[in-house]
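**Student:** First the structure, then my questions, so here it is.
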Amino acid sequence: MTTNVERPEVPLFRRHLYWLQPRWRDPGWLAFALNRLSGYILVLYLLAHFVILSRLTAGPAGWDSLLEIFGSQPFLVGDTLLIAAVVFHGLNGLRVTALTFGFGSRHPSLLFGVVFAVSVVITLLAGWAILFE
Amino acid sequence: MSGPTRPARRFLGRPDDAYPGFVPRAGDGPEGARALPGAANWAGRLWMVQAISGALLIVFLGLHLVAQHLLVPGGLRDYAAVVSYLRQPPALLAELGLLGSVIVHVVLGIRAGVVEMVKSPVWLQRITIGLWIAGGLFFVYATWLTAVLVVAG
Amino acid sequence: MADTELVLRLWRTDGSVEGPAMPGHFDEVRVAADPSRDTVLDVIERAWAEVDRTLVFRHACHHASCGTCAVRVDGRERLPCITQLGDVWNGRSPLTIEPLRNTPLIRDLASDPSPTIARLAALRLPYVRTVEADVRAASGVTDDEDVGAAERFEDCIECLACVSACSVASGDPEYLGPAVLAAADRIVEEPRHEDARRILDLVGGEHGVWQCRSVWACSAVCPSGVDPAGRIMKLRRRLLFGEEGDFAAHPSSSAHLGVGA
């Protein structure tokens, strides 16, 4: 096990992952790490979404055949995970904004807990709606 | 420098920055190096834009998901349904609002990660410009695609 | 309570301090310990005195007013001089002692606070505050009694536990850090002869208050109740909504400094 002790001139490719070093006793670390990870995932998804939507230029013939693929189980599961990512990212964003404006500074752990819990609940509801309707 | 203390070169940029008595120029960080002209003003404004675009996204994305999936039998719109949806002015405005907010939020979000990693202010500026250009291109493309669907259907 | 045997895992640096890199390893050291009476600093000193006199660690006042001895105990930043062994040790597993993160390492457990101290010096932080409200509350004085203003030292002891705990500081060495930003807020709150605008200008940049990601680990590990995270957010509100935040030209009066106090 190596510890994150100081070394001169840590190169960027190592330094840029230091935010992933866990601090399990600080729930705010988990919120920050998940916010960043969900952000990366959502950016990649957005690029993929643009690519897929460009198929609309091919008219009904090009688009409607895709719907079967997107309605298949693996994609619906993926959609549920995306919902999880976007819900968490948004709620954590609200938490950060609230803290900046001075709300909840005395109860940071409570805020984290609420964000996690509400994200899980909404994801479960959305997953039920997506997968079973 | 003498003794076991190593010069704090990596944090402060220059060895002579490390000692009391150093008086930073107005607008400089204690390192004595400028990030960007007017950076002290811009950073807070960028944060506000990020927060506002995020709040708008909650609204627009919520509307988008409801309209595209919950209100549609089967959960996915076929081509005809997409076109008829976009031809309703409120829906069109909501989709364009979503597009604008998401592009702004994504560009600023990526930039926030870059600020942390990139030490050279020149490169930060170049990457920022590149991100905005890329965002602009995506916005133009998506608007064009929407226009094609609405008009030519 | 009888002494039990404690296995201490102590971070040791290899090589000389002048060398370019500082690879290290853990030494496992066995010492006798009484969890109900020893502090963590006691057992570190015992390891030095009885087992390995080449161990380098920092300590001074032994009562949490100097901020010298801060280390990581099982990954968590603490002042070992006031941390009772029984509060952090389960009696069985080894106890890991590592130096602070995000600060240059001199040797073994001793880290170099000079980057942060230099930034505090650039802020021209005064170490004495006037605290009417605290004195009143602490002494139970009712409003019709006049105790005047009292002066006392700042809460912050510059132990740098907050800097070590900060996830942002680990990735971004130019980030000013919670200790410096909290100090800046304290100066703006009570400028004495300082120019609050200058301070806000210094901390309002990309690598200042706006780099914080609201992890709140700094406030969680602070042994002195400084609440750097809350103060960083206060600075943000001063910058966004306070007069100084607009950098409008007006006399550097310290009396009215924005909202969110």
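What follows is calculated from the coordinates using simple rules that are stated; it is not laboratory data. Note that this is a predicted model, so its numbers are computed, not measured. Ideal geometry is used to build each Cβ from the backbone, glycine not excepted, and the neighbour counts take in all protein chains shown.
**Student:** Considering every residue in A:97-109, what mean count of other chain Cβ atoms within 10 Å of its Cβ is obtained? Could you put the intermediate results ahead of the total?
**Tutor:** Numbers: counts 8, 2, 8, 14, 7, 8, 1, 1, 9, 2, 0, 8, 2.
Partner Cβ neighbours, averaged per residue: 5.
**Student:** Quick query: amide H of C:Thr96 versus all other amide H atoms, modeled in the peptide plane; which residues come in under 5 Å with a sequence gap of 5 or more or a different chain?
**Tutor:** Distant-sequence amide H within range of C:Thr96: C:Arg9, C:Asp74.
**Student:** Calculate the mean, over all residues of peptide C:171-179, of how many other protein chain Cβ atoms lie within 10 angstrom of the residue's Cβ.
**Tutor:** 6
**Student:** What Kirkwood hydrodynamic radius, in Å, does segment C:170-239 give when the mean of 1/r is taken over all pairs of distinct Cα atoms and then inverted?
**Tutor:** Computed over Cα pairs of segment C:170-239, the Kirkwood hydrodynamic radius comes out at 12.1 Å.
**Student:** Could you list log10 I(q)/I(0) for segment B:40-152 at q = 0.11, 0.12, 0.14, 0.19 Å⁻¹, which the Debye formula gives when each Cα is one point scatterer?
**Tutor:** Debye intensities relative to I(0), on a log10 scale: -0.46, -0.53, -0.68, -1.01.
**Student:** Taking +1 at the Cβ of each Lys and Arg and -1 at the Cβ of each Asp and Glu, which of B:Leu137, B:Leu56, B:Ala147 sits farthest along the dipole of segment B:40-152 towards its positive end, judged by Cα position relative to the Cα centre?
**Tutor:** Selected residue: B:Leu137.
**Student:** Still on this structure: Can you tell me the dipole magnitude for segment A:25-132 around its Cα centre, using point charges on the Cβ only (Lys, Arg +1; Asp, Glu -1), in Debye to the nearest 20? Spell out each step's value before the answer.
**Tutor:** On the way: 5 positive and 4 negative charges, 92 e Å.
Dipole about the Cα centre, nearest 20: 440 debye.
**Student:** Kirkwood hydrodynamic radius, segment C:4-111, all distinct C-alpha pairs: what's the number in Å? Each step should come with its number before you reach the end.
**Tutor:** Numbers: mean 1/r = 0.0718 Å⁻¹.
About 13.9 Å for segment C:4-111.
**Student:** For the ranges C:92-101, A:83-92, B:114-123, what's the packing order if you count other beta-carbon atoms within 10 Å of each residue, average per peptide, and put the highest first?
**Tutor:** Going by the mean number of other Cβ atoms within 10 Å, highest first, we get A:83-92, C:92-101, B:114-123.
**Student:** A:Val121 versus A:Leu66, label points 7 Å from Cα toward the beta carbon: distance in nm?
**Tutor:** Reported label-point gap for A:Val121 and A:Leu66 is 3.5 nm.
**Student:** A further question follows. Between C:Arg152 and B:Leu61, how many nm apart are label points set 7 Å from Cα along the C-beta direction?
**Tutor:** Calculated label separation equals 4.6 nm.
**Student:** OK, next. Compute the convex hull volume of the Cα atoms of chain A, divide it by the residue count, and report the result per residue in Å³ as a whole number.
**Tutor:** That works out to 184 Å³ per residue.
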